[in-house]
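Here's the structure we're looking at; comments come further down.
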Amino acid sequence: MSRRTPPLSAYFKKRQALVNRALERVLPKADAYPNVIHEAMRYGVLGEGKRVRPILALAACEAVGGALEEALPAGCAIELVHAYSLVHDDLPAMDDDDFRRGRPSCHKQFGEAIGILAGDALFTLSFQVISRQRSHPARWLQINQELAQAAGTFGMIGGQVADLQGPEAAAKTSTLEYILEHKTGALIAAAVRMGALAGGATPKQLAKLTRYGECVGLVFQLVDDLLDRDGVVKVWGELVTRQRAENLTAQAKAALASFGSKAQPLRDIADFLNSREH
């Protein structure tokens, strides 16, 4: 008798709690000197958040038969990188946002200098978390490389730079594709790959999960643009953008065909990312 997969809401709630407990453990205590930087780091990470990236890592690990605990450090590391990117994105030199998730953004709460340093510290901590892992060193070396590639100038940072070039550059189809794949998509695809690697994925499994991750990463950004009526929507229009998101969701789920019920959470997450309303 096959084990039934719980509804996505229940699955997310359990995995969010697991990730939040792990993040609480890896972050410095708020009263550790110098207190203000550690308070800012915790502020930037431990607020409300869906934890989509670490949950994708956990689900990918499960899909290849790995234990959740094997992927938790990878999930924490990628969430720390995501949090750092949000802290820096909110700065006046970037998006200049005063609020994040219903409360003052990190630099408004602690000042710009501490906001910059908190982001730097979260990025550094992500690799420290990975470097602490002692079992399966070859896996963790590859996971380290995955995260560095996805976060750097050939990943998230490169996509952000392309997005900063202005509306004329962003109107070009090739630039739009680059932004979609790198600004958000690279880190989401990396989350899936990192979780799969932590769980001991075979090369064939990793290739299929990579395709899944690439597709859902694009869907995430497309739906963001649909919700904001920005980005690709200004160039392609809502109908084309929505159709592309639907097609990519179908491709993501098709990539999981050989995984059976172990990949059902990944299928449900693909549908969720495509249909989310905020």
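If amide hydrogens are placed 1.01 Å from N in the peptide plane, which non-local residues have theirs closer than 5 Å to the one on Arg100?
Answer set, sorted by chain and number: Ser105.
Taking a cut-off of 18 Å between Cα atoms, list the lysines near Lys234, but don't count ones fewer than 8 places away on the same chain.
Hits, sequence-local ones excluded: Lys172, Lys183.
Calculate, for Ser9 and Thr153, the FRET efficiency according to 1/(1 + (r/R0)^6) with r their C-beta to C-beta distance and R0 51 Å; round to the nearest 0.05.
0.85
Would you list, by chain and number, the lysines whose Cα falls below 24 Å from the Cα of Lys13, excluding same-chain residues fewer than 8 positions away?
Lys50, Lys253, Lys262
Could you tell me which residue out of His136, Leu46, Pro92 lies farthest along the dipole of segment 8-275 toward its positive end? Charges go on the beta carbon: Lys and Arg +1, Asp and Glu -1, centred on the Cα centre.
Of the candidates, His136 comes out farthest on the positive side.
How long is the gain from Lys204 to Arg229 if the chain were fully straight, where each residue apart is worth 0.36 nm and the alpha carbon distance is subtracted?
That pair, Lys204 and Arg229, stretches by 5.2 nm at full extension.
How do Arg53, Arg100, Arg134 line up, fewest other C-beta atoms within 10 Å first?
In increasing order of surrounding Cβ atoms, one gets Arg134, Arg100, Arg53.
Any chance you could check the Cα centroid distance between segment 207-221 and segment 95-119 for me, in angstrom?
Value for the Cα centre distance between the two parts: 30 Å.
Relative contact order, percent, of the chain when contacts are C-alpha pairs under 8 Å separated by at least 6 residues?
20
Which aspartates and glutamates have a Cα lying under 18 Å from the Cα of Lys108, excluding residues fewer than 8 positions away in the same chain?
Counting by Cα, and skipping residues close in sequence, Lys108 has these aspartates and glutamates nearby: Glu39, Glu48, Asp89, Asp90, Asp95, Asp96, Asp97, Asp98, Asp120.
Magnitude of the Cβ-charge dipole of segment 123-255, K/R +1 and D/E -1, about the Cα centre, nearest 20 debye?
Charge dipole of segment 123-255: 680 debye, to the nearest 20.
All of the numbers you see were taken from the coordinates with simple rules; none came from a lab. Keep in mind that what you see is a predicted model, and the values were worked out from it rather than measured. Neighbour counts are summed over all protein chains in view; Cβ atoms, including those assigned to glycine, are modelled from backbone coordinates with ideal geometry.
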